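**Q** What follows is a single structure, and I will ask about it in a moment.
The values are calculated or read from the model by the stated rules, or taken from the named source; none is laboratory data. Worth saying up front: this structure is predicted, and the values here are computed from it rather than measured. Because the Cβ atoms are built from the backbone with ideal geometry, glycine has one as well, and the counts that use them run over all protein chains shown.
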Amino acid sequence: MPTDWPGLIPVVILAGGGSLIFCAGAFWRRLPGGVLFALALISAAAAGVAALWITPANPSSEGMLDLSGYARFFTCLFAAITGLTILFLRQYARVRGFAGDELYGLLLFGALGMVLVAGALNWVIFFLGLELLSLALYVLIAVRKGEAASNEAGLKYFIMSAVASAFLTFGIALLYAVSGSMQVAGSLAAALTYPDYLPVILLSLALILVGIGFKTSLVPFHLWTPDVYQGAPAPITAFLSTGSKVALFAALLRFAMLAPEPVWAFCLPGLWVLAALTMVVGNLTALYQTRIKRLLAYSSIAQMGYLFMTLLAVKQGGLPALLFYLAVYAVMDLGAFGLIGSFSAGQTQSDRDDLADYQGLGYSQPWRAGVLAVCLISLAGLPPTAGFMGKFALFRAVLHSDYVVLAVIGILTAIVSLYYYFKVVVAMYLSPATAGATVPAADLAVHLAGAIILVLILWLGLAPSALFGLVDRLAAALALSS
Amino acid sequence: MLQFPILTIIIFWPILGSFVVLAAYRSPRLVRWLSLGISLVEMALVAALFFLDLQPYATPQGTWLLLEDYAWIPWLGARYSLGLDGISLLLVLLVAFINIFSVLISWKAIDFKVGSFFFWILFLEGTLVGLFLAADLLLFYLFWEIQIIPMFFLVGIWGHENRIHAAVKFLLYTLSGSLFMLIALIALYVMHGHQTGIYTFSVYQLMQHGPLGTTTEILLFGAFLLAFAIKIPLIPVHTWLPDTHTEAPTAGSVDLAGLLLKTGVYALFRFAMPLFPYATQLFIPVLLVLGVGGLFYAAWIALAQTDIKRLVAYSSISHMALIVIGIAIWNVTTLSGSLLQMINHGLSTSALFIMVGMLDERTHSRDFAVMGGIWSKMPVFSTFFLLFALSSMGLPGLNNFVGEVLILVGAFKVKPVIAILSFVGIVFGVIYILRMVQDCLFGQPRAEHVFWDLDFRETVMLAALALAVLSIGLHPGPVLHLLDQPIQAMLQQIAQLGLP
């Protein structure tokens, strides 16, 4: 039995909350409205608070699951992502009639999967978490059973994800075959003990990278992203594009930190090319989009490109910047997709997706459009938003490690990105209003989520010292332990 | 030394005020009066700084009249440090002064979304004040990029027919330059950190870096120069300016020409040149060629314009080119002349844009083809128009003359050819201004319009501007006195590096 059970409380809360919701859905026939919503929200919040407050005695649970500050940071982040997604979903799901137990329960299980992925010290836990997360997402993407686009997106994600998982599993198996260890640290250290097997280890890492690259939509494994993001309900897209990407990236960061020097040296050129490709392809393709969800899908690919760019510098002090940007990215991307969902809440058909339907929204819906504009400006990396501070930290880390060419590619693509982010701002504020479908009034939950996101973006943009200090300590601790 | 955080207050007073104005959007009347009140208080605060007669004192961050320095992001080594010296004091005065006119000129001209309009005008004022006060490079960069957003909305929402195109062009041009500067800024910060072990954005400390290597320094300076040249704007990256001016509402043009263009020259002088003295030496011929070229080219293009506003926009480019020549020659006389000329250009060009806006309100056109014979219909307006046109031309006794003479005299001592060319360029400028005056004010009316002469609000505005133009023209002493100490300090600092 694990002796360090206090550290597992967040995990237990998420699993327990999810199970409770399923039980309530199954056995409680006449559910009063809002019970499931409240249960899910309370579970997410409680998990976050537990991760924040409880300092476990041991750094890990039986060497399987990380309980240190690094994992707790991400648990808090996932709890926040889940909580905000639930707030954005409330009205949206009600109007469309899918606010059942499967929605809220699976959200919590998805969050649990993310926590396991980000905290995995063992390949089995990692795979378990990944499959749990994916399983929840397959259903969530296709949660609107009546709609073809949603089902298609779910199926597409399922097939592509299964293929990626196969690659990943094979990579893990190869690594195990060489090292004889299922521990992440132990298996990667095999490169030092069995230098002759370096090619096999590199092959297995390449296969693992394919699996992770798929989930984080690294070019050239990104092709599913726009279709799935467009087909999924917008708040679910928010959950998918922030939570699952951040979780996989957190795991990737850990693997990178644990990878011994000879292995890492071989990985760098490949990662360089992939990062450059991701930034260029993501940003250039986004230019042509006229549908806002596809535009943001390509933007999220490009954002991952900036993170992969900095991944190269992770061993030379780039880790705090990456942690900071992951948190910032989660907030701003979640805000953008969540607000698109809230603009679409009244339509029982597809989401408000055409850019032309956003014309004049800045004046008819000043509050929500304002928050969306701030999210977009933050994604574009302009001050005084968190996106600027995040990008600043990323480029600082990259230049600190002397990847000048990559940084210049990054800046050039960032200039390109200004155009498409501002395309949405132009539509909302500068273009004449069109007589489109009316926008429904938002409920309190959406307003609350919007306010939280606005405050976070401006706070992290103007006074980021607190978070910078925290991620710096976490990064130092992780570097010591690896 | 004041303990009272007056610099922070003059930055955040208009920014906080802008949100109050936005909250009052339901009553346009209240919005206008609130905005005027906020601008006047800001002017009073800044004027108080001017009349306090502050004395410079040395700090670890350089010599300033006032310095406010607090920890901001220790992890990055960025500080919230605001420094006031003579140059920034003058420019902040200009910002506060011109902003009153931006509010007044929009009193009747802006009749929809009034709350948002004045929100952006006041927000812009705050960011500009911050930009001119920032003594930390990251803080400066923050303000530098933020100020683009208000102008984007001002042009894009309240502009003329092609406003969206112009706003996006403005945004993309200015931000592209800035992002290259961001890379250079981080690179400089990292290299300085490698050299000294201190990671800091303090401009004063960054200036004390060791040699960076010629290629590196040229690349970094080039990136800074690109950002600032776009803003000034120097040829060949000036093409956004005429479009933006043509489409901008009058207050937008006033802020753009009067204030935003100044940020480019200010940053070039304050940051780019002292930070990279070696590269500056190499780039001086380039700057001179671009300056002289711009002076002639813009004047030449101005002659061909049929739209008065476009003409004034090109005259702006021409005047800014002369300022750059003065900066590039880099001695006490030309620097004083150039910095003074920034104020003068801010006053005269703003006045001209305001008057073009007044014509536009009356005739709904800015085309020379429908002007003419205005003198007989609007004598007061025409008198002011002539005064500001003559000021822009450099008539002795008016403000521009002082600045131009200083630049020419200073240039003649070291680079007589440049001085002669600049002189010819200035004379060239006289032609298009006289043509503008002639086509607008004199001759026969070419179209029937209902003209009404200036009302009280308009008269007060123009009289205040005329007073400023005359007082600098006749008694430039106090202004030049403010500039003297910072210029000497700057030159001394560069001289210590042992450059020619």
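**Q** Which of the residues belonging to the stretch A:43-64 are under 20 Å from the mean Cα position of the chain (by Cα) and in contact (Cβ under 8 Å) with a residue 60 or more places away in the chain?
**A** Selection gives A:43, A:44, A:47.
**Q** Looking at (1) crowded, with 17+ Cβ neighbours inside 10 Å; (2) in contact (Cβ under 8 Å) with a residue 40 or more places away in the chain; (3) in a helix (DSSP H, G or I), which is the one condition that is false for residue A:24?
**A** If we test residue A:24 against (1) crowded, with 17+ Cβ neighbours inside 10 Å; (2) in contact (Cβ under 8 Å) with a residue 40 or more places away in the chain; (3) in a helix (DSSP H, G or I), just (1) comes out false.
**Q** Could you tell me whether residue B:185 is over 24 Å from residue B:277 (Cβ atoms) and either out of contact with any Pro (no Cβ under 7 Å at 6 or more places or on another chain) or buried (at least 22 other Cβ atoms within 10 Å of the Cβ) (or both)?
**A** Against the criterion (over 24 Å from residue B:277 (Cβ atoms) and either out of contact with any Pro (no Cβ under 7 Å at 6 or more places or on another chain) or buried (at least 22 other Cβ atoms within 10 Å of the Cβ) (or both)), residue B:185 does not qualify.
**Q** In the stretch B:213-251, which residues are outside any helix (DSSP H, G or I) and in contact with a His (Cβ under 9 Å, 6 or more places away or on another chain)?
**A** Across the stretch B:213-251, the qualifying residues are B:232, B:248, B:249.
**Q** So which helices (runs of 4 or more DSSP H) stay within the stretch A:323-441 end to end and still have 2 or more residues that are modelled with pLDDT under 90 and more than 30 Å from residue B:184 (Cβ to Cβ)?
**A** Helices (runs of 4 or more DSSP H) meeting the threshold: A:361-364.
**Q** Having 1 or more residues that are touching a residue at least 60 places away in the same chain (Cβ under 8 Å), closer than 30 Å to residue B:191 by Cα and more than 14 Å from chain A (Cβ to nearest Cβ) is the bar; report the strands (runs of 3 or more DSSP E) wholly within the stretch B:52-97 that clear it.
**A** The strands (runs of 3 or more DSSP E) meeting that bar are B:62-64, B:66-73, B:78-84.
**Q** While we're looking at this one, here's another question. Kindly check whether there is at least one residue in the stretch B:396-408 that is over 23 Å from the mean Cα position of the chain (by Cα) and either surrounded by 15 or more Cβ atoms within 10 Å (Cβ to Cβ) or in a helix (DSSP H, G or I) (or both).
**A** There is no residue in the stretch B:396-408 that is over 23 Å from the mean Cα position of the chain (by Cα) and either surrounded by 15 or more Cβ atoms within 10 Å (Cβ to Cβ) or in a helix (DSSP H, G or I) (or both).
**Q** While we're on this one: Within the bounds of the stretch A:412-430, is there any residue that is under 26 Å from residue B:194 (Cα atoms) and either more than 8 Å from every other protein chain (Cβ to nearest Cβ) or crowded, with 23+ Cβ neighbours inside 10 Å (or both)?
**A** yes
**Q** Separate question: Could you list, ordered by first residue, the pairs with Cβ atoms under 7 Å in which the first is in the stretch A:449-470 and within 19 Å of residue A:74 (Cα to Cα) and the second is surrounded by fewer than 17 Cβ atoms within 10 Å (Cβ to Cβ), at least 6 apart or interchain?
**A** A:465/B:74
**Q** I'd like the full set of residues that are closer than 19 Å to residue B:462 by Cα and touching an Asp or Glu at 6+ places or on another chain (Cβ under 6 Å), limited to the stretch B:362-380.
**A** B:378, B:380
**Q** Another question about this same structure. Here's a check for you: in the stretch B:164-177, which residue that is within 9 Å of chain A (Cβ to nearest Cβ) and surrounded by 22 or more Cβ atoms within 10 Å (Cβ to Cβ) is nearest to residue B:228 (Cα to Cα)?
**A** The selected residue is B:175.
**Q** Identify all residues within the stretch B:426-457 that are within 30 Å of residue B:87 (Cα to Cα) and crowded, with 18+ Cβ neighbours inside 10 Å; write none if there are none.
**A** B:426, B:429, B:433
**Q** Let me ask something else about it. Considering B:306, B:349, which residue is at pLDDT 90 or above and not basic (Lys, Arg)?
**A** On the way: B:306 fails: at pLDDT 90 or above.
Just one listed residue meets the conditions, B:349.
**Q** Here is a further query. Pull up the stretch B:66-116, narrow it to residues that are out of contact with any Leu (no Cβ under 8 Å at 6 or more places or on another chain) and of a type in the set (Ser, Thr, Tyr), then point me to the one that is nearest to residue B:352 (Cα to Cα).
**A** Per the criteria, the residue is B:102.
**Q** Can you tell me which residues in the stretch A:1-21 are over 21 Å from the mean Cα position of the chain (by Cα) and either touching a residue at least 40 places away in the same chain (Cβ under 8 Å) or not in a helix (DSSP H, G or I) (or both)?
**A** Scanning the stretch A:1-21 gives A:1, A:2, A:3, A:4, A:6, A:7, A:8, A:9, A:17, A:19, A:21.
**Q** Additional query: Restricting the search to the stretch B:190-201, which residues are out of contact with any strand residue (DSSP E or B) (no Cβ under 6 Å at 6 or more places or on another chain) and either away from chain A (no Cβ under 11 Å) or crowded, with 22+ Cβ neighbours inside 10 Å (or both)?
**A** B:192, B:195, B:196, B:197, B:198, B:200
**Q** Take the residues in the stretch B:207-222 that are over 25 Å from the mean Cα position of the chain (by Cα) and crowded, with 16+ Cβ neighbours inside 10 Å, then tell me which one is modelled with the lowest pLDDT.
**A** B:209
**Q** Give the residue that is farthest from residue B:150 (Cα to Cα), with candidates limited to residues of the stretch A:378-410 that are crowded, with 24+ Cβ neighbours inside 10 Å and β-branched (Val, Ile, Thr).
**A** A:398
**Q** Test each condition in (1) away from chain A (no Cβ under 12 Å); (2) over 25 Å from residue B:292 (Cα atoms); (3) of a type in the set (S, T, N, Q); (4) surrounded by fewer than 22 Cβ atoms within 10 Å (Cβ to Cβ) for residue B:239 and report the one that comes out false.
**A** Checking residue B:239 against (1) away from chain A (no Cβ under 12 Å); (2) over 25 Å from residue B:292 (Cα atoms); (3) of a type in the set (S, T, N, Q); (4) surrounded by fewer than 22 Cβ atoms within 10 Å (Cβ to Cβ), the one that fails is (2).
**Q** Please list, ordered by first then second residue, the pairs with beta carbon atoms under 7 Å, 6 or more apart or interchain, first in the stretch A:206-228 and among the aliphatic types (A, V, I, L, M), second not in a helix (DSSP H, G or I).
**A** Short answer, once both residue conditions are applied: A:210/A:221.
**Q** Under 9 Å by Cβ, and 6 or more places apart or on different chains, what pairs join a residue from the stretch B:10-24 that is of a type outside the set (Ser, Thr, Tyr) with one that is outside any helix (DSSP H, G or I)?
**A** Matching pairs, first to second residue: B:11/B:82.
**Q** Follow-up question, since we're still on this one. Is it fair to say residue B:121 is farther than 18 Å from residue B:202 by Cα and within 11 Å of chain A (Cβ to nearest Cβ)?
**A** Against the criterion (farther than 18 Å from residue B:202 by Cα and within 11 Å of chain A (Cβ to nearest Cβ)), residue B:121 does not qualify.
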